[in-house]
Amino acid sequence: MSFLHGVETIEIETGVRPISTVRTGVIGIPGIAPIGAPNELKLITNLRQAKTEFGDPLPGFTIPQALEQIFAQGAGAVLAVNIFNSSEMVAEVADEEITVINGRAKLANAPIGAPVVTDGASTTYTAGTDYSIDAYGNLKVLSFDNITEGDTLSVTYDRLDLTAIDDADVIGTVSANARTGFKLFETAQAQVGFSPKILICPTFCEEAAVAAEMITQAEALRATALIDAPSATSTGDGPSDVIAERGVSGTYAGFQTASRNVMLLWPYLKRYDFAADATVITPPSPYFAGVMAASDRERGFWFSPSNRAIQNILGVEVELTSAINDPDSDANLLNAAGISTVFTGFGAGIRTWGNRNASFPVESGPKTFVSVRRVQQVVDESVELAMLPFVDQPITAAIIDAIRETVNGYIRSLIQRGALLPGSRCDFIPEDNPPTQIADGQLVFQNTLMPPTPAERITFQSRIDINLLAALAASIQQ
């Protein structure tokens, strides 16, 4: 120590530290979009930004459609990865013939890139001068000097080719310090300061390999993966068939899991497609993800995502019976099999319906509730991230007390907010910390937590009591 004749102050970096709760309402989606660089992690916070980054919700492109559905629920943040490669995942449409009627015509597909429009012979028309064509393939004549009413035009262009997209493109890879697909979410904490806690992958999640990767990622990121069953249009399945998919003979790979980090969803929902001017069906996972994110922001991550109104839908692909007091209704039977669905009631709109994760009914108890599982994982991760200042500090009574009180202060704040029940706490138990272990630089703390469970079942015991008639008789004046 250097010589000093005087007074000095040394800052001591010990004591209670604040703990910040990790962001919970962040949705992660890998998929395809007509524009945007491939395999880059993008943070999207509103629909205008979504359109700028990923383009219009064209048929077949999962990211723009999902973002539209998510933000319709009022959600706040999405981490999206576009895997679309316009040089590999397209097919050429050669010389498609369209006829000009009222100055307009429409292609059979949404064009990728710049279409070439000719008269079918030697004349090639100029975009922006002779015609315009939008992202949906709607052509408008700009100059009737060259293109006239009733003309048949020949158009060559590229269209999306879903058959060229492999499961491996969605799952992603790690090579030469570059990541693609789902693997990019592993870098989210370092890139943007948080990772997705709700994972979706509409249509692709119906493939076995993609569903398996979603489960792996959900457990690694402490997230909830929302896995859709296929559309009934393609399978012909009804409620009983989908329930059977939870059995050993099921063919939906995503439904063959008992992971606590998975929500299983069915059926597809109906929405209006402005481009097609028609009602179309769409996977439920973007809607459920948006509802979960909005609920986290408005009420708190400890609330169940069940019994919340779904915005911007017209109905369900398969009509389900749902009654709040009927154990044999389709909605209840699906829930009993660990499948979340929708509830439709007179004057109630269409609502999310289901509290349990995929571990139910194989498991029972609080951890089968989606909300309880999420609370435990949020607390665990928030506490872990807050421990960095304590790592490598000398082990003293002061540091042990500081760690314990840091965690207990955080737990008390969650108790006050209703995320945890009174009695939740962090303890340092001497028996768990023998001298040999402390000598090896290791400390063990025990967190005892109990989130509130959702009121899934409310029972009234009703009886007829004839003794109440005595009061009636006594009230009559003689």
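Any read-out appearing in this document is the output of simple, stated calculations on the displayed coordinates, not a laboratory observation. Computed from a prediction, not measured in an experiment: that's the story for all the values here. Here Cβ is always computed from backbone atoms with ideal geometry, including for glycine, and neighbour counts include all displayed protein chains.
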field: Student exercise, the chain dipole from Lys, Arg, Asp, Glu Cβ charges, in Debye to nearest 20
entry: 1900
Top positive-direction residue, dipole computed over region 390-478 with Cβ charges, set Gln416, Ile400, Asn467: Asn467
- request: Just need log10 I(q)/I(0) for region 90-160 at q = 0.13, 0.14, 0.16, 0.27 Å⁻¹, Debye formula, equal scatterers on the alpha-carbon atoms, no solvent, rounded to two decimals.
  value: -0.30, -0.35, -0.46, -1.36
task: Choose one of Val242, Ala278, Thr124: the residue whose Cα lies farthest towards the positive end of the charge dipole of the chain (beta-carbon charges +1 Lys, Arg; -1 Asp, Glu; about the Cα centre).
output: Val242
message: If the only charges are +1 at each Lys and Arg Cβ and -1 at each Asp and Glu Cβ, what is the size of the charge dipole of region 232-379 around the Cα centre, to the nearest 20 debye?
response: 720
query: What's the center-to-center distance, using Cα atoms, between region 402-444 and region 284-355 in Å?
result: 37
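Given Lys51/Lys183; Lys51/Lys140; Lys183/Lys270, which pairs have Cα atoms separated by over 26 Å? Before the final figure, lay out each step's value.
Working: Lys51/Lys183 24 Å; Lys51/Lys140 22 Å; Lys183/Lys270 31 Å.
Pairs exceeding the cut-off: Lys183/Lys270.
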- prompt: For Leu184, what charge total do you get from the other residues with a beta carbon under 12 Å from its beta carbon, if Lys and Arg give +1 and Asp and Glu give -1?
  reply: +1
query: Roughly speaking, what % of Cα-Cα pairs in region 173-284 are separated by over 16 Å, rounded to a whole number?
result: 64
- request: For region 390-478, restrict the atom set to alpha-carbon positions and state the Rg and Dmax in Å.
  value: 26.9, 90
field: Area projected by the alpha carbon convex hull of region 107-254, averaged over all directions, nm²
entry: 14.6
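Relative contact order for the chain: what percent, with Cα pairs under 8 Å and sequence separation of 6 or more?
RCO, the chain: 14 percent.
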statement: With the 8 Å Cα cutoff and a minimum separation of six or more residues, region 90-160 has a relative contact order in percent of 52
Distribution of pairwise C-alpha distances over the chain, 10 Å bins, in %: 4, 17, 23, 20, 15, 10, 6, 4, 2, 1, 0
field: Between region 251-275 and region 91-149, the Cα center-to-center distance that results, in Å
entry: 38
query: When only DSSP loop residues count, what chymotrypsin sites (Phe, Trp or Tyr not before Pro) in region 378-478 have their Cβ near at most 11 other Cβ atoms within 10 Å?
result: Phe460
